[in-house]
Amino acid sequence: MAAKLGLDATGIDFSPRAIRLAEQKAQERGLDARFFVADALELESSSDKYDTVLDCGLFHVFDDRDRARFVKSLTATVEADGRYFMLCFSDQQPGDWGPRRVSRAEIQSSFTDGWRIDSIEKSLIEITIDPEGACAWLAVIARS
């Protein structure tokens with residue numbers, strides 16, 4: 001999406017297969033983007049810094065301990081005044097299938113030191129098993 005808009009785009013995933021598929025899609029679409037196999041819990045090991053980070057479906061996979069590690073990792077790689085845009089499964093989603101649900105309070109408590117929450121709004125995540133999607137939170141969080 002970012003590359004299609006003409007922006008510098010870097011994608012990471014823990015899965016080499018996911019990275020291969022992303023590279024393939026970018027090539028088929030004639031887009032210039034970089035992709036790396038990387039662990040989102042260890043971004044501080046890279047010297048790369050970003051002014052914008054997009055997360056669609058990652059934050060909600062972490063348990064409490066790893067969520068704290070993820071925020072620390074983000075803090076090390078997002079530039080001052082940079083933005084983190086996050087779309088995650090919401091605790092408003094009925095049922096017990098799928099990934100862990102995240103509450104607004106969990107998002108707020110995760111981003112305290114060195115961050116400012118600009119907004120947390122109700123949204124939807126498109127999913128393959130339900131054409132209506134799943135309840136989500138869309139958060140815009142700035143590095144201070």
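The values are calculated or read from the model by the stated rules, or taken from the named source; none is laboratory data. As the structure is a computational prediction, the values presented were derived from the model and not from experiment. All Cβ positions, even for glycine, are placed from backbone atoms using ideal geometry, and neighbour counts span all protein chains on display.
Whether a residue is assigned to a loop (DSSP other than H, G, I, E, B) and either of a type in the set (Val, Ile, Thr) or farther than 12 Å from Ala136 by Cα (or both) was assessed, and Asp96 passes this test.
Scanning segment 43-68 for residues that are in a helix (DSSP H, G or I), within 24 Å of Ala80 (Cα to Cα), among the acidic types (Asp, Glu) and assigned by TED's automatic domain parsing to the domain that holds Ile120 returns a single hit, Asp66. Only one entry of Phe59, Phe85, Phe70, Phe35 meets the criterion of being within 27 Å of Lys4 (Cβ to Cβ), at pLDDT 95 or above and touching a Gly at 6+ places or on another chain (Cβ under 9 Å), and that entry is Phe35.
Assigned to a helix (DSSP H, G or I) and not assigned by TED's automatic domain parsing to the domain that holds Ser90 - does that describe any residue in segment 7-17? Looking through segment 7-17, at least one residue is assigned to a helix (DSSP H, G or I) and not assigned by TED's automatic domain parsing to the domain that holds Ser90. A count restricted to segment 106-131 and to residues that are in a loop (DSSP other than H, G, I, E, B) and among the β-branched types (Val, Ile, Thr) stands at 3.
The set of residues in segment 123-144 being surrounded by fewer than 15 Cβ atoms within 10 Å (Cβ to Cβ), charged (D, E, K, R) and under 16 Å from the mean Cα position of the chain (by Cα) consists of Glu126 alone. Checking each residue in segment 31-56 for being in contact (Cβ under 8 Å) with a residue 40 or more places away in the chain and surrounded by 15 or more Cβ atoms within 10 Å (Cβ to Cβ) picks out Tyr50, Leu54. Every listed requirement among (1) in a loop (DSSP other than H, G, I, E, B); (2) out of contact with any Cys (no Cβ under 7 Å at 6 or more places or on another chain) is met by Ala80 save one, (1).
Of the residues Ala40, Ala76, Ala68, the single one that is in contact with an Asp or Glu (Cβ under 6 Å, 6 or more places away or on another chain) and under 23 Å from Ser144 (Cβ atoms) is Ala76.
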